[in-house]
Every structure is written in C-alpha cells, then in structure tokens.
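Visitor: The structure under discussion is supplied below as structure tokens; questions concerning it will follow.
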Amino acid sequence: GPSRPAELHCLQADPNGGNTLLVDGFRASERLRDAAPAAFALLSTTPMTFRHDDPRHRLEARHCVVGLDEGGRLARFHYNNLDRAPLRGVAPRDVPAFYRAWRSLTAAVEDPEGEVWVKLEPGSLIVINNRRVMHGRSGVSGLSG
C-alpha cells in the first residue's frame with residue numbers, strides 16, 4: 001500500500017536518554033542487494049507474518065520484508081525483529097537460507113554507519129515514511145518527572 005507517515009512528537013524530553021534512532025530500510029536493502037543478491041531475492045519474494053499482541057490489540061500482517069514495485073525498485077520495507085511470527089509457507093529445505101538472509105539483513109540494519117541519532121526537544125516533531133524508515137529510542141532514565 002501507500003507509504004504511511006509516522007509522526008514522532010516530543011512532549012517531554014529526558015535529559016539523560018530518550019534519543020531517537022532513525023535507520024533507512026532502503027539503504028539496508030540496497031546494501032544487502034549489493035552484497036548478497038540471493039538473500040535479497042529471498043527476502044523480496046518470501047512473505048512472512050508479523051504479529052503484535054497486547055491486552056488491547058492483536059495486529060497481524062503478512063508481506064515480504066523487502067517490497068518491490070513492478071519495475072523491481074524498492075517500494076516498502078517491513079522489518080521488526082520483535083514482532084515476527086513463526087515462518088509459514090516455506091519448504092523446510094529453504095528455512096535455513098531464509099534465516100541466513102534475515103541475519104544478513106539484520107547486520108545491514110544494525111550497521112552504525114546507517115544510524116542517525118536525534119535528540120528531540122519538547123515541541124519537536126519528526127515525520128517519517130513508516131514504510132521506509134525504522135525508528136527507535138535509547139533508554140530513558142525516568143528522572144525527568
């Protein structure tokens with residue numbers, strides 16, 4: 001589907017943490033395509049399930065980690081190491097290759113050269129393409145009130 005903007009709005013800053021981490025999933029995907037074309041092909045053709053359960057919500061989606069448009073260009077990036085469900089619909093003989101590809105992508109995602117860290121101040125707002133840019137946050141101290 002179309003890109004979905006995510007708004008990261010700082011209401012209160014923690015002086016000792018809470019920095020925002022941004023990582024470009026397209027950059028990680030291109031690095032994987034260059035370094036390991038077979039792994040890239042596997043992650044762009046094998047759908048996987050992502051699931052998040054909490055007391056109030058059950059969210060589930062199934063799609064390829066790397067989404068391509070009709071021309072083979074990057075169009076979407078779906079990566080969440082915490083919300084992966086068991087791998088289904090993959091022949092047992094192909095499972096090891098899939099997880100090797102996942103580990104290679106994870107290495108590209110976690111490459112410190114691809115990280116952008118931002119300290120948001122109260123009132124700051126960042127809008128990102130949630131189908132391309134991953135976001136996270138460093139720990140907070142809890143001392144800010």
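The values are calculated or read from the model by the stated rules, or taken from the named source; none is laboratory data. Just so it is clear, the structure is predicted and the values come from calculations on it, not from any experiment. In this analysis, Cβ positions are derived from the backbone assuming ideal geometry, glycine residues included, and neighbour counts consider all displayed protein chains. Areas reflect the complete protein model, heavy atoms only, side chains present, ligands, DNA and RNA absent. Shrake-Rupley method; radii C 1.70, N 1.55, O 1.52, S 1.80 Å.
Visitor: Please determine whether any residue of segment 62-77 is in contact (Cβ under 8 Å) with a residue 24 or more places away in the chain, open to solvent by less than 40 Å² (accessible area, probe 1.4 Å), part of a loop (DSSP other than H, G, I, E, B) and over 15 Å from residue 41 (Cβ atoms).
Guide: For segment 62-77, residues in contact (Cβ under 8 Å) with a residue 24 or more places away in the chain, open to solvent by less than 40 Å² (accessible area, probe 1.4 Å), part of a loop (DSSP other than H, G, I, E, B) and over 15 Å from residue 41 (Cβ atoms): absent.
Visitor: Looking at segment 4-56, which of its residues are open to solvent by 70 Å² or more (accessible area, probe 1.4 Å), in contact (Cβ under 8 Å) with a residue 60 or more places away in the chain and not in a strand (DSSP E or B)?
Guide: 4, 11, 12, 15, 16, 31, 35, 38
Visitor: Sticking with this structure for a sec: In the set 54, 34, which member is under 30 Å from residue 121 (Cβ atoms) and not aliphatic (A, V, I, L, M)?
Guide: Of the residues listed, the single one that is under 30 Å from residue 121 (Cβ atoms) and not aliphatic (A, V, I, L, M) is 54.
Visitor: All but one of (1) without any contact (Cβ under 8 Å) to a residue 60 or more places away in the chain; (2) within 24 Å of residue 7 (Cβ to Cβ); (3) part of a strand (DSSP E or B); (4) open to solvent by less than 70 Å² (accessible area, probe 1.4 Å) hold for residue 59, so report the exception by its number.
Guide: Status for residue 59: all satisfied but (4).
Visitor: I'd like to check something: does segment 100-108 contain any residue that is open to solvent by 50 Å² or more (accessible area, probe 1.4 Å), closer than 21 Å to residue 128 by Cα and either of a type in the set (Asp, Glu) or not in a loop (DSSP other than H, G, I, E, B) (or both)?
Guide: No, the conditions are met nowhere in segment 100-108.
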